[in-house]
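One structure is given below, encoded as structure tokens.
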Amino acid sequence: VQLQASGGGSVQAGGSLRLSCDASGTGFSIYRMGWYRQPPGKQRESVAVIDSSHITTYGNSVKGRFIISRDDAKKTVSLQMNNLKPEDTAVYYCYVEQIITRKAYWGQGTQVTVSS
């Protein structure tokens, strides 16, 4: 199972980026889709999750700035990141959770760098 993440890059503080993850290669129904991130020298943390009912959950540090969305027909999940801060600098990983087994599958990670 391969997930293709894209959209990372470098931006100045206050800027925006949009991450996308293509899970169309999965052959199963998806329950949750989401994004985690791992800042340099820190543990991986949850950024945003959206379930099959399109109910969203955000990490406290990104609430009001990030928006997660999914396209069920295309099996894609996106993360619109606004008002980026230097502390958002991290490798961002997308994941999907299979609806039956709840097993998670991960993308390869995409770097986001925010400069002050």
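The values are calculated or read from the model by the stated rules, or taken from the named source; none is laboratory data. Keep in mind it's a predicted model, so treat the numbers as computed, not measured. Cβ sites come from the backbone with ideal geometry, for glycine too, and all protein chains shown count toward neighbours. Heavy atoms of the whole protein, side chains included, go into the accessibility calculation; ligands, DNA and RNA do not. Shrake-Rupley method; radii C 1.70, N 1.55, O 1.52, S 1.80 Å.
Rounded to the nearest Hz, the phi-derived 3J(HN,Hα) couplings of region 54-71 under the Karplus curve 6.51 cos²θ - 1.76 cosθ + 1.60 (θ = phi - 60°) are 6, 7, 10, 9, 10, x, 4, 6, 10, 4, x, 10, 10, 10, 9, 8, 9, 10, where x marks glycine and proline.
As an exercise, use a Förster radius of 22 Å and the Cβ-Cβ distance of Asn82 and Ser6 to find the FRET efficiency, rounded to the nearest 0.05. Walk me through the numbers on the way to the answer.
Working: r = 18 Å, r/R0 = 0.82.
Working from the Cβ atoms, E equals 0.75.
Comparing Val47, Val62, Val77 in a Gaussian network model of the chain where C-alpha atoms under 10 Å apart are linked, the largest mean-square fluctuation is found at Val62.
Charges at C-beta only: +1 for Lys and Arg, -1 for Asp and Glu. How large is the resulting dipole of the chain about its Cα centre, in Debye rounded to 20?
Working: 13 positive and 8 negative charges, 23 e Å.
In debye, rounded to 20, the chain gives about 120.
Where in region 9-30 does the label zone of Ile99 land, with the point 7 angstrom along Cα→C-beta and an amide N cut-off under 13 Å? Under 13 Å, as judged by backbone N against the label point of Ile99, lie 27-30 of region 9-30. Enclosing the Cα atoms of region 32-100 in their convex hull gives a volume equal to 88 cubic angstrom per residue. Rolling a 1.4 angstrom probe over the chain with all protein chains present gives an accessible area of which 46% lies on carbon and sulfur atoms.
Per residue, the solvent-accessible area of the chain (1.4 Å probe, heavy atoms of protein chains only, all protein chains present) comes to 52 Å².
Centre-to-centre, using Cα atoms only, region 49-116 and region 1-39 are separated by 6 Å. Within the same chain, lysines fewer than 8 places from Lys75 are excluded, and of the rest, those with a Cα less than 25 Å from its Cα are Lys63, Lys103. Taking a straight line from the alpha carbon of Lys85, these aspartates and glutamates sit under 19 Å away, with near neighbours fewer than eight places off in the same chain left out: Glu45.
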